[in-house]
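Comments concern the structure below.
The values are calculated or read from the model by the stated rules, or taken from the named source; none is laboratory data. Because the structure is a prediction, the values reported are computed rather than measured. Positions of Cβ are backbone-derived with ideal geometry, glycine not excepted, and every protein chain shown enters the neighbour counts. Surface accessibility is based on the protein's heavy atoms, side chains included, excluding ligands, DNA and RNA. Shrake-Rupley method; radii C 1.70, N 1.55, O 1.52, S 1.80 Å.
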Amino acid sequence: MSLLHLSICFLVSLGQSDARPAGSAVRRDAPVVGNKYQTPPPAKRGTAQPGQPTDLDAHTAQWLVELAQHQGHLVGRASPRSASLQVIALLEAARATDARCAEAYYWLFDLYQRMGRIDPAREALMRYVDLSPTDEAAWLRVLDLQLDARQSAEARLEFVKAELDRPKISPTCESELRRRLARLLYEQREMDAAGRQIERALRLNPANVAARELAYEMFGETEAALQRVELALQMISINPTQANLVWELGEFLDRLSLHKEAQEWFNRAMEMHRRSDARAIPADYWQKLAMSYLASGDYQRAKDSADAALTAEPNHAQVRLLRATALEKMGDAKGAQADRDAVRKYYDELIPAILDGKLPDKAAEAAWYYSYHQPDAKRAAELAKIAAEQPGGGSLAALARGYTLRLNGQSKEAIDVLKPLASKDQLAALGLAKALIEQGEKAEAISVLHKAAALQYSGIAYRLISELLEKHGEKPPTAPMYADVKQALDRFHRDVFDFPKKPEAFLQCSLRFEEPIAPLGPVRGTLRMENIGPFPITLGEGYMVRPLAAISAKVTCGDKVSEFKNYQQVLINRRPVLLPGDAVEKTICLDVGPIRQTLRTNVLRPTSIELTAWIDPVIENGELAAGPGTVRVGPVRASRPVFDISPTAVSLLIDQSTDRNPRRRIESAQGIAAILASIAGQPAEADLPMDRMRSALVALLADADWHVRAQSLAACEAVPLTDELTQAAAPAVKDDQAVVRMMAVRLFAVKQGKQFMPVLEQLSKSDAVAFVRMTCAGFLPDSTAQASSGKE
């Protein structure tokens with residue numbers, strides 16, 4: 001019988017009221033009483049009542065989810081559109097089979113979200129969280145959705161309180177709920193109640209940065225400096241690889257004149273830069289560190305840092321002037337003068353090009369040099385005029401102009417230019433104060449100096465301000481001790497910075513097989529991450545660990561070795577943070593994609609499976625790879641027993657096809673199909689009862705229980721499809737159970753290809769169930785599928 005003729009037969013069968021072949025063996029479900037089976041009733045197929053899923057429904061739903069995962073991991077077998085449609089169809093079938101199948105909703109959410117289908121994605125996520133309340137990451141996403149859906153503050157307040165009354169809430173979730181409750185109470189000005197809630201939130205989860213920010217907003221802590229430092233430390237602890245945050249903390253401490261403390265963070269940031277970036281550290285960073293060392297009196301390190309900056313940028317004039325100051329403090333007057341002469345020569349040579357308009361971006365820098373470092377009223381005026389004409393000249397151009405005006409005796413005009421800068425720039429305040437004194441405004445000048453001194457209690461500008469105050473009989477303000485800031489810095493766990501270098505010392509990761517491994521699978525394993533360190537470990541994009549596991553496998557079947565590099569990626573994102581001692585696990589199906597095909601077609605060979613995994617891999621040249629912060633897991637090994645094809649075992653397998661337990665009949669179908677797929681063309685084929693096995697499989701395709709029919713059809717995908725099997729499977733295209741129809745479509749679309757297209761086109765329009773139509777569309781060419789599915 002030709003494939004074309006079979007396709008025509010299918011089209012004819014679509015119009016028949018009962019397409020089951022005459023004379024086929026039909027088995028009935030055996031009702032269960034306790035653990036014993038009774039004789040089945042004479043008729044009626046076994047189906048669960050709507051809304052009352054059976055254990056077999058749950059088993060089939062999980063099987064469909066794992067089949068969807070397998071489908072999604074088949075590399076290069078279909079277009080992305082086709083793969084997505086087929087995977088979604090299987091997941092929709094899973095949730096239709098068992099409305100409590102949490103994994104089906106999770107993967108539907110993931111796929112619908114990627115496709116931009118927000119409403120079904122939201123619906124799937126909320127249902128998933130209902131079924132998996134321990135998945136904190138998903139729960140937090142749903143919390144936002146649920147609060148957004150409530151229009152009034154009163155409704156949000158009642159919702160949060162109700163959520164807090166739920167039993168067995170994890171510390172992370174309770175912390176977030178109490179943070180939300182504190183915000184709502186704070187907005188209603190119930191300060192005491194809000195304070196108690198935020199305190200409990202932080203006690204439950206010290207890594208709750210949003211709670212920390214709310215605490216700052218509510219209470220102001222004790223001083224602004226402490227707020228900034230503690231928030232910065234909290235942010236750094238969440239992701240200690242962010243060099244920019246570490247550097248910004250150093251800059252803030254430097255402005256507080258806590259130079260020794262600042263230098264620690266500057267150097268940490270530079271070390272992080274070296275680890276993550278092969279490029280040299282920019283000169284401006286070395287300049288900042290040199291200024292800090294100079295302010296703290298560490299002149300040798302100031303010079304060394306200036307040397308490093310000049311190595312990166314030899315013509316950096318400001319750094320050379322900085323090094324001259326350090327050399328002078330070290331007693332090297334000759335070296336200091338040499339640097340100053342080099343700077344003067346550098347700017348002298350720049351002047352013609354600046355005046356000719358060739359280097360307008362250098363005008364402000366040069367104007368500042370000739371108005372402050374090497375006063376020259378005429379040159380400064382020329383250069384300041386050009387700098388002021390440049391769009392977005394910036395504060396340096398304004399500062400140079402203010403100093404130039406005063407240098408040229410225009411103190412009144414200088415005051416107008418410098419006053420807007422004085423609140424943030426000590427040198428601007430110094431120039432403003434001098435201009436005010438020249439205008440007879442001594443009292444205002446003294447006030448400006450006192451305010452400017454408090455911007456930073458050290459450095460060259462502070463020293464000049466202090467000298468001017470003392471000259472006018474004023475005592476310069478002294479630097480605060482910032483004892484609370486120093487204590488906060490001392491309390492910080494610095495070993496968090498070791499995490500990116502050796503994450504395995506703090507995060508213990510493992511992968512284990514869920515044994516025993518059956519000859520036919522499925523093969524399942526469990527990934528585990530445990531925080532064995534002294535500090536919280538945050539999980540997610542942009543945090544300490546991206547909880548992505550890339551799994552590789554090596555499968556040895558007899559003398560044949562197959563390797564599957566990064567064949568599966570798994571997100572272990574059930575928790576947003578792991579506190580010390582906490583752990584998270586995820587059990588997954590390992591035999592998906594090409595590895596399943598290898599295992600299912602080699603059941604007669606001794607097989608070993610070796611697994612390795614990367615936790616938090618990086619992408620290099622478009623592929624996943626182990627990076628500096630990747631945790632390596634494995635190898636872990638397991639053996640799969642050879643499928644027994646002795647005469648006794650095969651006879652028992654065939655007899656099992658008539659067992660009253662439908663799960664046993666499913667196992668019979670899978671076993672027979674695995675033997676047929678593995679034995680084809682081998683000498684052992686002659687020793688096996690091939691006809692009896694095919695006859696048993698034919699009968700299973702017509703089983704009274706739809707779960708058996710569906711999984712028997714799927715098992716046939718790996719089997720050479722004889723005319724006998726084809727005729728037995730044909731009626732399933734018109735089966736009264738949608739999952740069975742879907743499996744029939746998958747079988748014949750794979751086996752018949754183009755010859756089955758007419759059936760696919762018709763079913764993609766006419767089938768009553770969406771996931772069946774979607775399956776058909778997934779096997780049709782893009783243009784045909786879109787025309788057939790319409791608004792699907």
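Remarks
- Of all residues in the range 506-517, those satisfying the criterion of being open to solvent by 40 Å² or more (accessible area, probe 1.4 Å) and over 19 Å from Gln69 (Cα atoms) are Gln508, Ser510, Arg512, Glu515, Pro516.
- Tally of residues being closer than 20 Å to Arg692 by Cβ, out of contact with any Phe, Trp or Tyr (no Cβ under 8 Å at 6 or more places or on another chain) and either open to solvent by 50 Å² or more (accessible area, probe 1.4 Å) or of a type in the set (A, V, I, L, M, F, W, C) (or both) across the range 714-757: 11
- Residue within the range 190-212 that is touching a Pro at 6+ places or on another chain (Cβ under 9 Å), free of Cβ contacts under 8 Å to residues at least 40 places away in the same chain, open to solvent by 30 Å² or more (accessible area, probe 1.4 Å) and not charged (D, E, K, R) present: yes
- Those strands (runs of 3 or more DSSP E) lying entirely in the range 579-660 with at least 1 residues within 25 Å of Arg524 (Cβ to Cβ): 583-589, 607-615, 623-625, 631-640
- Scoring Gln656 on the criteria (1) closer than 23 Å to Thr722 by Cβ; (2) modelled with pLDDT under 85 leaves a single failure, condition (2).
- Test set (1) closer than 30 Å to Gly629 by Cα; (2) outside any helix (DSSP H, G or I); (3) open to solvent by 40 Å² or more (accessible area, probe 1.4 Å) - Pro314 fails condition number: (1)
- Cβ separations smaller than 6 Å between residues 6+ apart or across chains give the following pairs from the range 53-75 residues that are buried (at least 17 other Cβ atoms within 10 Å of the Cβ) to residues that are at pLDDT below 90 and of a type in the set (Lys, Arg): His70/Arg596.
- Within the range 673-686, residues that are over 14 Å from Ala714 (Cβ atoms) and open to solvent by less than 50 Å² (accessible area, probe 1.4 Å) have Cβ atoms under 9 Å from residues that are in a helix (DSSP H, G or I) and at pLDDT below 70 in these pairs: Ile679/Glu685, counting only partners at least 6 apart in sequence or on another chain.
- Members of the range 536-589 found to be of a type in the set (Gly, Ala, Ser), at positive phi and either in contact with a strand residue (DSSP E or B) (Cβ under 8 Å, 6 or more places away or on another chain) or open to solvent by 20 Å² or more (accessible area, probe 1.4 Å) (or both), listed by number: Gly542, Gly558, Gly581
Okay, residues lined up against (1) under 17 Å from the mean Cα position of the chain (by Cα); (2) farther than 25 Å from Arg203 by Cα:
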| position | (1), (2) |
| --- | --- |
| Phe535 | no, no |
| Leu539 | yes, no |
| Gly542 | yes, no |
| Ala553 | no, yes |
| Val561 | no, yes |
| Tyr567 | no, yes |
| Val570 | yes, yes |
| Leu579 | no, no |
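- Single condition Leu396 does not satisfy, out of (1) over 49 Å from the mean Cα position of the chain (by Cα); (2) open to solvent by 60 Å² or more (accessible area, probe 1.4 Å); (3) of a type in the set (A, V, I, L, M): (1)
- Scanning the range 89-116 for residues that are within 22 Å of Lys586 (Cα to Cα) and among the hydrophobic types (A, V, I, L, M, F, W, C) turns up Leu90, Leu91, Ala94, Ala99, Cys101, Ala102, Ala104, Trp107, Leu108, Phe109, Leu111.
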